[in-house]
Amino acid sequence: MTLGSPGSADQHTATQRARSALAGLMSSVGSLGLAAAATAPALLAAIDQHAAAIRDSLDADLRPLSAIALAGYVEGIHDAAREHGWRMPEGHIDFDTGDWVLTRMLAVCALTRTLPTRP
């Protein structure tokens, strides 16, 4: 994705699209999964470990996380998982199964909650 300069209309549009994608992820699995993690210490620890790995992968120590970076990251994880036969669970989701992809997505949701509310 090629973006204009910070503050440009292209940057704003890309940020809005990314925020929309992350909101969709939150509504599909994030809200329930993070609520489940609040009462399941092992799940919470796994999410924290995945979040740390994502921050490392996105060089978050060198530049702030952004909606664009997180949305692109989770899209790549989802696409690669689908290529290997993974499908998003439907109906009731058991978040304690240790599903790597699902836990990674929950970590993205947790990181999304740390983003500023404005671009």
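The values are calculated or read from the model by the stated rules, or taken from the named source; none is laboratory data. No experiment lies behind these values; they were computed from the predicted model shown. Virtual Cβ from ideal backbone geometry, glycine too; neighbours counted across all protein chains shown.
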Within the bounds of the range 44-51, is there any residue that is surrounded by 11 or more Cβ atoms within 10 Å (Cβ to Cβ), more than 20 Å from ALA14 (Cα to Cα) and among the acidic types (Asp, Glu)?
yes
Mind checking whether some residue in the range 41-57 is modelled with pLDDT under 95 and touching a Lys or Arg at 6+ places or on another chain (Cβ under 9 Å)?
no
Residue that is surrounded by the fewest Cβ atoms within 10 Å (Cβ to Cβ), among those in the range 83-98 that are in a loop (DSSP other than H, G, I, E, B) and in contact (Cβ under 8 Å) with a residue 12 or more places away in the chain
GLY98
Those residues of the range 99-119 that are in contact (Cβ under 8 Å) with a residue 40 or more places away in the chain and more than 15 Å from the chain's Cα centre (by Cα) come to a total of 1
